[in-house]
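Engineer: Sharing a structure, written as structure tokens. Questions coming.
The values are calculated or read from the model by the stated rules, or taken from the named source; none is laboratory data. Not measured: the values here are computed from a predicted model. Reconstructed Cβ throughout: ideal geometry from the backbone, glycine too, with neighbour counts over all protein chains shown. For the accessible areas, the whole protein counts, side chains as well, though only heavy atoms, and no ligand, DNA or RNA atoms are used. Shrake-Rupley method; radii C 1.70, N 1.55, O 1.52, S 1.80 Å.
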Amino acid sequence: MPATGDGRAPGAADLWGALDGTLTDRARIRPAATEQSAGPATATPPIPHPRSVTAGAPSRGASSAVPSAAPLKLLVIEDDASDAQLLKDAVADSGAQIEIHWARGLEQASELLATGPSGGRRGRQRAAGFSCVLLDLAAPADLPHPSDASDGLEGLHELLRRAPHTAVVVLTDAAGAELGAAAVAAGAQDFLIKHETDGPLLARALRYAVERKRADESQRRLVEAELRGQENARLQRHLLPTPLLDGAGLSFTRRYRPGRRRALLGGDFYDAVRTDDGTVHVVIGDVCGHGPDEAALGVALRIAWRTLVFAGLTGEALLTTLQHVLEHERRSDEIFATLCMLVIEPNDATGELGSLGAVEHAQLYLAGHPAPLLLGTDHKPVTLPSDPAGPALGLLPCDDGLAVWPSHPLELRPGWRLLLYTDGLIEGRVGAGSRRLGQDGLADLVGDHQAAGLTRGRLIDSAIAEVEELNGGALTDDVAVLLLERNPVQLILG
């Protein structure tokens with residue numbers, strides 16, 4: 001029973017008889033159905049492979065709308081010239097368009113696989129671009145350092161190492177069917193048995209091997225892309241901050257949505273920490289742009305902000321130093337960042353929590369950023385004053401005194417809640433026109449959801465959902481939202 005790697009039966013003809021002639025190193029094989037010097041009949045041209053169609057000129061007798069098939073470029077590794085000639089004749093009789101190149105061993109084959117003939121610009125060599133390699137396992141391995149433990153596949157192992165992205169079909173004798181199966185398990189796409197293989201079967205096996213290799217390469221790239229995506233997701237997730245508010249007695253709810261698809265991190269950033277003296281520092285910011293460079297810069301600014309806070313800086317001194325960080329880290333002078341910073345003072349000198357019913361004092365700093373919303377229980381949300389605001393970080397030099405960020409004092413009444421956000425939440429459109437939601441629109445929207453009894457995470461989620469509904473779809477800008485509330489038991493919600 002004739003055998004191949006997937007059990008296909010050969011044709012009736014046996015083309016492995018003794019043929020005269022030798023094969024040149026670079027012989028182009030024409031289809032069997034070629035023009036003859038005598039006789040009017042012509043053979044039917046082969047059906048072109050769908051992935052091998054080129055925009056070349058139509059063949060004789062064919063419609064001009066049907067393009068010709070590109071030949072499969074085959075490298076035969078065979079130390080016997082007569083066997084190589086038999087392969088050439090078998091391919092010619094099959095009618096397939098296959099361009100055969102012959103190498104006597106692996107060393108010569110490696111040179112052909114690595115480079116093609118020169119002719120590129122500036123004398124550079126271009127890739128040979130072989131579609132498939134046909135390797136005779138009975139040929140000497142031709143290895144510079146042969147292994148002592150021989151399994152009959154030394155040549156295949158070396159070929160796969162040198163040409164990992166090229167399809168490989170191996171040839172064995174009738175007694176080597178098990179060796180052929182082992183070759184497929186080792187990485188070859190198929191195996192054929194000598195003297196049981198005719199031209200059509202050889203051509204079909206080569207085409208199938210090329211398609212199998214192409215599918216394997218696509219699957220490999222897909223797996224690599226998925227692994228890279230998982231690694232990027234883990235990296236981005238760890239770059240999001242964990243607020244440090246132990247002992248602050250505050251509830252901290254945050255939502256973060258990057259504008260980029262398939263991303264977990266955008267140019268927006270936020271953080272909240274409590275220092276040893278009991279002061280609570282909160283920041284939310286937005287780097288202009290939406291790409292990975294902006295996301296990296298946002299992470300750098302957040303880490304720098306936390307470091308500066310724990311180093312004892314606050315207020316305008318902190319913002320001035322943070323602008324210097326931005327100026328050194330940004331890729332161009334046009335990059336800037338807006339920022340809102342809130343500093344909540346402790347109720348007494350010891351830094352301990354005072355009476356929960358006492359008025360608290362805070363300092364608000366704005367650097368080109370929207371002012372927070374103050375949510376009350378007996379009134380609709382109120383936008384905090386933004387008059388004493390400074391420019392966005394990176395817009396004006398701070399060495400000559402042009403960039404200053406004055407503070408605005410706040411009195412936070414018992415039961416206070418503050419909503420901090422980036423401009424992605426208020427720049428969505430309202431309906432089909434060009435009108436934006438704006439800060440007043442956001443205040444009315446949040447007030448309606450608050451009146452419906454929604455709090456904390458449900459309040460933020462429902463507000464974002466309505467903003468997207470008004471926009472007619474998902475928001476394209478990054479969105480970060482923080483809800484900070486006085487709470488007798490510290491609660492941090494995701």
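Engineer: Can you tell me which residue in region 254-271 is surrounded by the most Cβ atoms within 10 Å (Cβ to Cβ), limited to those that are charged (D, E, K, R) and part of a strand (DSSP E or B)?
Structural biologist: Of everything passing the filter in region 254-271, 268 is surrounded by the most Cβ atoms within 10 Å (Cβ to Cβ).
Engineer: While we're here: Which residues, taken from region 125-152, are closer than 23 Å to residue 215 by Cβ, at pLDDT 85 or above and part of a loop (DSSP other than H, G, I, E, B)?
Structural biologist: 130, 131
Engineer: Looking at 364, 418, which one is closer than 29 Å to residue 326 by Cα, touching a Ser or Thr at 6+ places or on another chain (Cβ under 7 Å) and open to solvent by less than 10 Å² (accessible area, probe 1.4 Å)?
Structural biologist: One residue alone meets the criteria, 364.
Engineer: Which of the numbered conditions does residue 217 fail, given that it passes all the others? Conditions: (1) under 22 Å from residue 338 (Cα atoms); (2) assigned to a helix (DSSP H, G or I); (3) open to solvent by less than 30 Å² (accessible area, probe 1.4 Å).
Structural biologist: Checking residue 217 against (1) under 22 Å from residue 338 (Cα atoms); (2) assigned to a helix (DSSP H, G or I); (3) open to solvent by less than 30 Å² (accessible area, probe 1.4 Å), the one that fails is (1).
Engineer: Only one of (1) modelled with pLDDT under 85; (2) among the aliphatic types (A, V, I, L, M); (3) open to solvent by less than 40 Å² (accessible area, probe 1.4 Å) fails for residue 245. Which number is that?
Structural biologist: Of the numbered conditions (1) modelled with pLDDT under 85; (2) among the aliphatic types (A, V, I, L, M); (3) open to solvent by less than 40 Å² (accessible area, probe 1.4 Å), the odd one out for residue 245 is (1).
Engineer: Also: Would you confirm whether or not region 473-485 contains a residue that is out of contact with any Ser or Thr (no Cβ under 8 Å at 6 or more places or on another chain), among the hydroxyl-bearing types (Ser, Thr, Tyr), open to solvent by 30 Å² or more (accessible area, probe 1.4 Å) and over 27 Å from residue 260 (Cβ atoms)?
Structural biologist: No, the conditions are met nowhere in region 473-485.
Engineer: To continue, here is another question. Could you tell me whether region 313-321 includes any residue that is open to solvent by less than 10 Å² (accessible area, probe 1.4 Å), part of a strand (DSSP E or B) and out of contact with any Phe, Trp or Tyr (no Cβ under 7 Å at 6 or more places or on another chain)?
Structural biologist: So far as region 313-321 goes, no, none of its residues is open to solvent by less than 10 Å² (accessible area, probe 1.4 Å), part of a strand (DSSP E or B) and out of contact with any Phe, Trp or Tyr (no Cβ under 7 Å at 6 or more places or on another chain).
Engineer: Of all residues in region 272-310, how many are in contact with a Pro (Cβ under 8 Å, 6 or more places away or on another chain) and buried (at least 23 other Cβ atoms within 10 Å of the Cβ)?
Structural biologist: 2
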